[in-house]
Amino acid sequence: MEHLFWAIAGRCPNCGKGALYAGFNKIAPTCSVCHVRFERWAGNWTIPVVMGYTTAALVGFGLIFYYQWRGTLMEHDTVIMAAAVLSGVTMYPLCKNISMYMLWNNGFVTVDPPTLVKSDDAPAATTPRETGA
């Protein structure tokens with residue numbers, strides 16, 4: 001479970017020491033400490049996008065039902081749209097971190113084979129299956 005908290009905090013889900021991000025919102029290619037490759041496939045970005053859209057939809061529909069129940073739906077339509085968009089945008093980095101943990105937990109985020117790693121002292125990745133976590 002600590003690996004999930006490391007990822008949520010923006011650290012490498014494998015070692016917990018390296019940074020997950022290389023910039024404000026850009027995932028680093030590899031961990032600077034354990035050399036785990038984070039984004040191996042071009043489609044990795046789709047998971048957090050779907051999670052962010054789902055969050056926005058849940059917030060939007062929740063507010064629609066709430067204001068419909070109170071009978072003031074049309075008075076709060078701008079609030080509903082703004083809350084839905086802001087929730088999707090603000091939750092995107094968290095969704096990115098959680099999706100990186102899910103990829104690591106399922107064995108998709110690993111260290112490159114030794115021939116592709118530039119450093120000779122790069123440790124082997126440990127997955128939850130290997131550690132029993």
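What follows draws every value from the coordinates through simple rules; no lab data is involved. Quantities reported herein were computed from a predicted structural model and do not represent experimental measurements. No Cβ is skipped: glycine too gets one built from the backbone with ideal geometry, and neighbour counts run over all protein chains shown.
When the Cα gyration tensor is reduced to axis lengths a ≥ b ≥ c, the ratio a/c is 1.5 or higher for the stretch 2-131, and with a/b above b/c it is classed as prolate. The calculated FRET efficiency for Asn25 paired with Val79, based on their beta-carbon distance and R0 = 35 Å, is about 0.85. When you filter the trypsin sites (Lys or Arg not before Pro) in the stretch 17-52 for DSSP loop state and at most 16 other Cβ atoms inside 10 Å of their Cβ, you are left with Lys17, Lys26, Arg40. Taking amide H as placed 1.01 Å from N in the peptide plane, Tyr21 has its amide H under 5 Å from the amide H of Ala28, each at least 5 places away in sequence or on another chain.
Computed from Cα positions, the angle between helix 77-105 and the longest principal axis of the chain comes to roughly 20 degrees.
The stretch between Tyr53 and Trp69 holds 3.4 nm of extra length on full extension. This uses 0.36 nm per residue minus the Cα-Cα distance. The gain in end-to-end length when the Val33 to Thr46 segment is fully stretched comes to 2.1 nm, 0.36 nm per residue minus the alpha carbon separation.
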